[in-house]
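The values are calculated or read from the model by the stated rules, or taken from the named source; none is laboratory data. Please read these numbers as outputs of a predicted model, since none were measured by experiment. Neighbour counts are summed over all protein chains in view; Cβ atoms, including those assigned to glycine, are modelled from backbone coordinates with ideal geometry.
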Amino acid sequence: MKTTPRLQKRYASEILPALGESFGRTNRLSLPRLEKIVVNMGVGAAIGEKKCLEEALDALRLITGQKPIVTLARQSIAGFKLREGMAIGCKVTLRGRRMYEFLDRLISLALPRVRDFRGLNPGAFDGHGNYNLGLTEQLVFPELNPDKYTRAQGMNITIVTSTESNDEARELLRRFGMPLRTEGPSATNN
C-alpha cells in the first residue's frame, strides 16, 4: 500500500486552512493548489554527441522517478548545426504523489546543496501563477552518483499552480517551505 507524501498531508491539514483564512475564502476548491511540476533539460551537446542525451535521460529518470520523453527541435538553425526534428532535450511532467515527493526533495535536499544559495527569486512568476527556477548543476540531487555523471547539466523546473494570481501562488509556495528571498531594500524585484 502506498503512503501519502508528507507535503500532500501537510497541504490538506495545515496549508489549505491557513490559505483559506489569509484569503478569506471558505470554499476549499477556490484556493490555490499545485497542478503539476515540469522538469526540463535542454541538452545542446546532443547535436554532436548522442551519449550526452542518454546521460541526461538517465539522470532525469533517477531524479524524478519517471521515464522522461525526448524533446525535438522545432526549427532548423544553421549556426548551431541544428535541424528540425533532432533530439535536443528531455522533460518529465510530474503530477500527484510523484509531484509532492519531488517538491519535498527539491526543498529539503537539493536547494540547500546549491553553492552560494541565498534564496530563490520571488519575482520569477510568469504572471499566471506559475513559478520557474533553473538549476545549473544536476548533482545537487543526492540520487545521482557524481562519479557516473561527470558532465555538468542544468535543468529548468516549472511549478504550475491552479491560480492566476502571482501573489496567491507565492503565498502557496512559501507555505510549502519554498526558500524565496524576502523582498527588502537590498533585494531587487526582477
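Observations on the model:
- Qualifying residues in the stretch 104-138 (those that are assigned to a helix (DSSP H, G or I) and of a type in the set (A, V, I, L, M)) - the one surrounded by the fewest Cβ atoms within 10 Å (Cβ to Cβ): L109
- Tally of residues being out of contact with any Phe, Trp or Tyr (no Cβ under 8 Å at 6 or more places or on another chain) and in contact (Cβ under 8 Å) with a residue 40 or more places away in the chain across the stretch 148-164: 10
- In the condition set (1) in contact with an Asp or Glu (Cβ under 8 Å, 6 or more places away or on another chain); (2) within 17 Å of T93 (Cβ to Cβ); (3) of a type outside the set (S, T, Y); (4) in contact (Cβ under 8 Å) with a residue 40 or more places away in the chain, G65 is compliant with all but (4).
- Selection within the stretch 146-176 - of a type in the set (S, T, Y), part of a loop (DSSP other than H, G, I, E, B) and closer than 19 Å to V114 by Cα: Y149, T150
- Residues in the stretch 35-62 that are in contact with a strand residue (DSSP E or B) (Cβ under 7 Å, 6 or more places away or on another chain) and modelled with pLDDT under 90: M41, G42, V43, G44, A46, I47, L53, A56, L57, L60.
- Helices (runs of 4 or more DSSP H) wholly inside the stretch 1-103 containing at least 3 residues that are of a type in the set (A, V, I, L, M, F, W, C) and crowded, with 21+ Cβ neighbours inside 10 Å: 50-64
- Residue within the stretch 145-153 that is modelled with pLDDT of 85 or more and either crowded, with 17+ Cβ neighbours inside 10 Å or not basic (K, R) (or both) present: no
- Checking the stated criteria, F141 turns out to be modelled with pLDDT under 85 and buried (at least 19 other Cβ atoms within 10 Å of the Cβ).
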